[in-house]
1. Going by the structure shown, is THR306 within 22 Å of THR547 (Cβ to Cβ), open to solvent by 10 Å² or more (accessible area, probe 1.4 Å) and of a type in the set (S, T, N, Q)?
2. Looking at (1) under 30 Å from THR462 (Cβ atoms); (2) modelled with pLDDT under 90, which one does SER512 not meet, given that it meets all the others?
3. Show me the helices (runs of 4 or more DSSP H) entirely contained within segment 234-303 in which 2 or more residues are in contact with a Gly (Cβ under 7 Å, 6 or more places away or on another chain) and either open to solvent by 10 Å² or more (accessible area, probe 1.4 Å) or on the phi < 0 side of the Ramachandran plot (or both).
4. Restricting segment 478-537 to residues that are touching a Leu at 6+ places or on another chain (Cβ under 6 Å) and aliphatic (A, V, I, L, M), which is surrounded by the fewest Cβ atoms within 10 Å (Cβ to Cβ)?
5. Could you figure out which of (1) open to solvent by 50 Å² or more (accessible area, probe 1.4 Å); (2) at pLDDT 80 or above; (3) not in a helix (DSSP H, G or I) isn't true of ASP842?
6. For segment 714-741, give me each residue that is in a loop (DSSP other than H, G, I, E, B) and β-branched (Val, Ile, Thr).
7. Out of the residues in segment 689-739 that are farther than 26 Å from ASP285 by Cβ and of a type in the set (Lys, Arg), which is surrounded by the most Cβ atoms within 10 Å (Cβ to Cβ)?
8. Against the condition modelled with pLDDT of 90 or more and outside any helix (DSSP H, G or I), how does CYS324 come out, does it pass?
Amino acid sequence: MMRRPRTTTAKCVSYNEYENTDTDMSFSQTVSDGEDDEEWKPTDPQSSVSPNVAKMSATREKKAAVTRTAKPKEQKRPKVTKVPRDAKPRAPRKPAAEQKTTSKRAKDAAEAGVPGIKRKKTHAGFEKDQCEAQTDFQEEKKTDESDITIKPKEERLSFIVSQVPGTSNWGDEGSSQVHPPVKKENLKEEDFTFDEPCLKKQKTSGACQGQPTARPLLEGQPCCSLKNELNMNWNVTELLSALTCVEKWVCANIILLLREENTVPFMVRYRKEMINHLDADAVRDVQIVYEELCSLAKKTNSVIQTLKKDGVLTPELEKTMRSCRSTDELDHVYSPYKKGSKLTKARRAKALGLEAAASALINAPQTLDLSTWVQPATQGLSSLKEVTTGVEHILADMIAKDPETLTYVKALCEKSFVTIQSSVSKTALKEKEQDKSGSKKAGAEHGKPKDIEKFHLYFEFTCNIQRIQPHQTLAINRGESLKILTVKVNIPDRVKSDFTWWCVNNRWRPKSMAKEEHKAIIMNAVDDSYKRLILPFLTRSYRTKLTSAAEKESIAMFVRNLRQRLLVCPVRGCVIMGVDPGFRHGCKLAILSPTSQIIHTDVLYLHNAGQQREAEKLRHLMTKYSCTKVVIGNGTACRETETFFADLIARRFFHPLDVSYCITNEAGASIYSVSPEAVKEMPDLDPNLRSAVSIGRRVQDPLGELVKIDPKHIGIGTYQHDVSAGALKAALEGVVQECVSFVGVDINICSEILMRHVAGLNAGRARNITEWREQNGPFTNREQLKLVKGMGPKSYQQCAGFIRIDPQTLQSVKSSPQPAATATGKAATKKCKGKTGVKTADSLNPLDQTCIHPESYSVAQRFLSLVDGSVDQIGSAVLKHCVESKIKTNSVEELARVVDTTPETLKIIIDGLTQPPGFDIRQNFGQPDFKRGIVSISDLQPGTVLTGRVDNTTLFGSFVDIGVGRSGLIHKSKITLDKLPVSQRRRSLALGPGERVEVRVLNVDSQRGRISLDLIRVLQ
């Protein structure tokens, strides 16, 4: 999906520490699950910060070399009583040992999440980044040439997790200047702190809008090193920028951040100045395209190695392959050389030695006499006709694989009216006739005739390739896969005539005078190449591009719908009854407390005999538990159950309670009710009652409940089975992580399932956090996360800003009985084999309840001192007034220079300090609509104006629930810019689930249950 470049002012910095980065680094966004084995361990004396940086540079050069010795392992052997083998006899086996070490190193890198680096080398790697980040560009360039000692500067220019000994508490962090070297004997434990998120001296206000002040640095060495790593003939940063319409320096920054295993939520919130304020969808688009390019480079290198082993690789072929910019182009070049496939006509002709004749026909036709190539005893050369045919096949293959020729024919197609056409297949027609005659075949038993009618719009369908809609492409693909439709791409004949003339008279014209029979050979070769090779390639290329674009748009629609569904404002502070409606097995009820605890469950048969008795029982339950909100699932018997409740409310049956109800989407509730998570959470409940609990909690806390369900089962979007399952799953998991992270989680009360979706965490770390919380009591500050098993420095950096420590929750949890909990006021120690403990502060930090990242705590303290405030005033009206008055007198940019940070970081700090306690970003989104009566579809008339809420959005329009039992459709042609708020006019998807709209009824088809609506306006 292409996005318009942003024009927000930002500044970028060159980080030359990536010049020597290993080429086998992973490009994954998330931190590897294998980091569960990583511990917070004491600093190795060999890796402490010292002035002897030149020695470290030499060590890095040795590390990059292939010959690696096992000396670091021998330093620990004196602790073992058993005498190990002598290292000298192993010298002859050095190459084998190196291969074993290399494979083990790669395995460790894949498991631990830090590519190419062993776990015990982690801290040295961090210090290497520090030392390299403390130099300016000229010093680093000079160091690369002459290997001189790097001299640290006074300012640290690092944006990753750093190790600064002696800064154990956030309150002790002063400026980010480099501390003097600490003696080795004082480094008994490691303490990870953070540098400030970006350059202190960065002046974004002085830069041109949308341009970094240090742009040349970013386009220098890092981009070249990335190009060399992929080993392709194109620059990955330039190509990525062209494909995504994002500035080159932003693409370079995103690549470097991804290589450091930064998550998308972390980049979007805490690295805004590096990504030029892109949103999560834009960053994710860049990441997806970048991973595709990396996959293409990996496949290209693998194919080249295969061809090299087969002995068919030539320099020209390798150059062509390394110039491919898509998998389609690579497959086109590689397909003739695939194993198992029969030899192509061109390869058979080349095997007969006719390649020289074909080359002579183009370069020196006056010297070519094809009769001399005739060999009567050899098949394929027995006659002049066979020789001519072989030469034509070679020329046709050369034409079809020539980059300039392919570029020209693609340009011709872009200027022409290329169409895609679909029609009903003969197989489908035969089955339809058999179904009419009454005979049942195997296909009819599977319901294919029913599917045939669904595709009647595409029986005679023709559309311009540039105007076809994504949902039409997916529908055609589905019909083709079911063998109901036949699809073809129509390219005008004018393209062929223009292409033939250009080839004969320009690109493939002989370099000297040629005979008429030679010209005829070239003409036949061009015609054969177009029909047999180029035309199928163009068809495949168009179909692939259309499918890829449709899948991306469909996945983007899924992502936006899911985000809207997850960010629905929760209904808090009241008792809610969840109802899973049903006929035969009754309506399952679950009464939930304001904190989502299960108070009571029951089954009532509201649609059978004895309705009055069931109504009395229902009134007793609602009066007993003071329940005034009813949530009904939209499944079977939904409308009958709604009618039952609406009738009771109209008769004031629940008086004095003011009861209201709402309808919610119950998609996925039945799947969740039998899942292992539901069994673990509610082991004593029947699965049907678990569904009622899930329906009620979807209104109390939509985010906390929906994350328990696989996103593809939530009932959003369309054509989910026609898109790539892997891409859809990755995108939906990414938006779940984004929503959970941006909302934030209270670490002391959130569930393990919700916690695993926080950026930087996974199932293993979430489980370890829950176990630590059960054994040691609640967390009192964010630093205690370092004590959790598997929480390494990178994981802590990614998740710390999204985790909250609410003082009120902490107090309530402490007051409740804890099972065998140790005193949380004492420094805890991680118990792990071969590791020593790390101490953390035990006091409550008020900044831990905000969105401010621990790396910016020192800046927050300086800003509070500047506005004469304190951390105890966070969220108060007094502090908010002080901050606003300070901003009025001084701009944010000026204040950022005063407190030595960037404007983006300062804005996050201001938000964190001024937002009230317990602030939730979801409060800006709408809540479910509770009502007391219903309207029937028969009551609707054309022209009726109603209000409703968007239930689902597809590629062809939006479905709106207007409370009549059937959702109406607003076709996308009715969603125009003048009807949308200004904030939504730039979105490719104008309406999303949960948005309240005012609509006008255009048409009502009661027989088919279809309602056509027109959008009047979006209600804010």
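The values are calculated or read from the model by the stated rules, or taken from the named source; none is laboratory data. Source: prediction; values computed, not measured. Glycine gets a Cβ as well: all are built from the backbone with ideal geometry, and neighbour counts include every protein chain shown. Areas reflect the complete protein model, heavy atoms only, side chains present, ligands, DNA and RNA absent. Shrake-Rupley method; radii C 1.70, N 1.55, O 1.52, S 1.80 Å.
1. In short, no.
2. SER512 satisfies all of (1) under 30 Å from THR462 (Cβ atoms); (2) modelled with pLDDT under 90 except (1).
3. Ranges flagged: 264-270.
4. Here the answer is VAL495.
5. Failed condition: (2).
6. Once the filter is applied, which keeps residues that are in a loop (DSSP other than H, G, I, E, B) and β-branched (Val, Ile, Thr), segment 714-741 yields ILE714, ILE716, THR718, VAL723.
7. The extreme case among them is ARG698.
8. So CYS324 passes the test.
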